[in-house]
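Colleague: So that we are looking at the same thing, I have put the structure below in structure tokens.
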Amino acid sequence: MDHDKYAVRKAIKEDCESIQRLIQELADYEKMSNGPQLDPKTLEQDGFGTRPFFEAFVAVGKESNQIIGFALYFFTYSTWQGKSLYMEDIYVQLQHRRKGVGLSLLRSVSQVALSENCVRLNFSVLNWNSPSIEFYKSLGASDLTEKEGWHCFRMNRAEIEQLAQCKA
Amino acid sequence: MLRISRLRKNAEWSPTGPKNLLTIALEQDGFGTRPFFEAFVAVEKESNQIIGFALYFFTYSTWSLYMEDIYVQLQHRRKGVGLSLLRSVSQVALSENCVRLNFSVLNWNSPSIEFYKSLGASDLTEKEGWHCFRMNRAEIEQLAQCKA
């Protein structure tokens, strides 16, 4: 990454508006534009309040002083190996790609993983997202869905409510 | 016959005797100054033994809960224990205003897949093409030191 053009730093609460904009851009890229439902204020409370639910790094374009990329993550727990890190989002705006910004963001996240003694860094990728898949595989990441057959399952609010009240 | 309880560090049904490293790590990680997970256990009243558990933690994708493990011993299956554990976890999800309960299942695990689908869960790998990726410690270390 050209350090004259870009800088990667830990996100602060004032970044939430920019982060929320990029979250939407990432959702558009994933063809799931209706996904994001958070406003910057909620992001601020959830990330920088008394009990932070995530942490993030941002990439800033020095010329414009704009945030042009981010990586958002939180800590998880593997019952086999202990503390782990889940990278929920990583995104760099189109015009700033292939310049090492993504790698810089990912490196910052991995340094946090090490400092917290995490044994795993997990994330999800859409199966058609070839540029990203190649990038992650070049860094040694494994596709566990392909390799071991893991599938991601989800229950939404309606199913959770039904389950919480079921006779059991 | 069955009791579902929150996993606590010094419960009456905790293992007695010398603890192995794994148990100590679990204790630190679940009950230290910064808990990394919570869990429910299913206790068979007659034997006072733990015969199943569900372990989960909170994540961030518009308020979610991730269920890392759910397991019931073979001889105690098909008796509603799994449903009871899952129900307890979903009640926590609701009380914390979570909008999603996520978990992973191996694609050959048909009994579990049927169970989850019967409760309305969706297979996002099938439906939307999501794949789970992972970097292990060695890759993380290499990445942390790379020129970037």
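Colleague: What are the pairs, 6+ residues apart or on separate chains, where a residue within the range A:28-40 that is closer than 19 Å to A:CYS16 by Cβ has its Cβ under 6 Å from a residue that is open to solvent by 80 Å² or more (accessible area, probe 1.4 Å) and at pLDDT 90 or above?
Modeller: A:PRO40/A:GLU17
Colleague: Here's a check for you: in the range B:36-50, which residue that is under 14 Å from the mean Cα position of the chain (by Cα) and of a type outside the set (Phe, Trp, Tyr) is farthest from the other protein chains (Cβ to nearest Cβ)? Can you show your working first?
Modeller: Here is the first cut: in the range B:36-50, the residues under 14 Å from the mean Cα position of the chain (by Cα) are B:36-42.
With of a type outside the set (Phe, Trp, Tyr) added as a condition, the list becomes B:38-39, B:41-42.
Details: B:GLU38: 10, B:ALA39: 9, B:VAL41: 13, B:ALA42: 11 Å.
Ranking the qualifying residues of the range B:36-50, first place goes to B:VAL41.
Colleague: Quick test of your reading of the structure: A:GLY82 fulfils all but one of (1) closer than 21 Å to A:SER130 by Cα; (2) out of contact with any strand residue (DSSP E or B) (no Cβ under 8 Å at 6 or more places or on another chain). Name the failing condition by number.
Modeller: Answer for A:GLY82: the failing condition is (1).
Colleague: Sort out which residues of the range A:145-157 are at pLDDT 90 or above and over 14 Å from B:LEU124 (Cβ atoms), and write them in order of number.
Modeller: Hits for the range A:145-157 are A:GLU146, A:LYS147, A:GLU148, A:GLY149.
Colleague: Next question. So, in the range A:82-134, of the ones that are among the hydrophobic types (A, V, I, L, M, F, W, C) and farther than 20 Å from A:ILE19 by Cα, which residue ends up most open to solvent (accessible area, probe 1.4 Å)? Quick ask: steps written out before the conclusion?
Modeller: Residues of the range A:82-134 that are among the hydrophobic types (A, V, I, L, M, F, W, C), as a first pass: A:85, A:87, A:90, A:92, A:94, A:101, A:103, A:105-106, A:109, A:112-114, A:118-119, A:121, A:123, A:125-126, A:128, A:133.
Now restrict to residues that are farther than 20 Å from A:ILE19 by Cα: A:113-114, A:118-119, A:121, A:126, A:128, A:133.
Numbers: A:ALA113: 0, A:LEU114: 42, A:CYS118: 1, A:VAL119: 36, A:LEU121: 0, A:LEU126: 5, A:TRP128: 95, A:ILE133: 34 Å².
That would be A:TRP128.
Colleague: Still on this model: If you take just the helices (runs of 4 or more DSSP H) that sit entirely in the range B:71-148, which of them hold at least 2 residues that are at the interface with chain A (Cβ under 7 Å from one of its Cβ atoms) and closer than 30 Å to A:LYS31 by Cβ?
Modeller: Working: elements: B:81-95, B:110-118, B:124-128, B:137-145.
Hits in the range B:71-148: B:81-95, B:124-128, B:137-145.
Colleague: Got a sec? Which of A:LYS31, A:LYS13, A:LYS5 is farther than 23 Å from A:VAL112 by Cβ, modelled with pLDDT of 90 or more and over 15 Å from the mean Cα position of the chain (by Cα)? Give the steps one after another, and end with the answer.
Modeller: Details: A:LYS31 fails: modelled with pLDDT of 90 or more; A:LYS13 fails: farther than 23 Å from A:VAL112 by Cβ.
After applying the criteria, what remains is A:LYS5.
The values are calculated or read from the model by the stated rules, or taken from the named source; none is laboratory data. Since the structure is predicted, the reported quantities are computational estimates derived from the model, not experimental observations. With ideal geometry, Cβ positions are generated from the backbone for all residues, glycine too; neighbour counts draw on all protein chains shown. Keep in mind that these areas ignore ligands, DNA and RNA; they rest on the heavy atoms of the full protein, side chains included. Shrake-Rupley method; radii C 1.70, N 1.55, O 1.52, S 1.80 Å.
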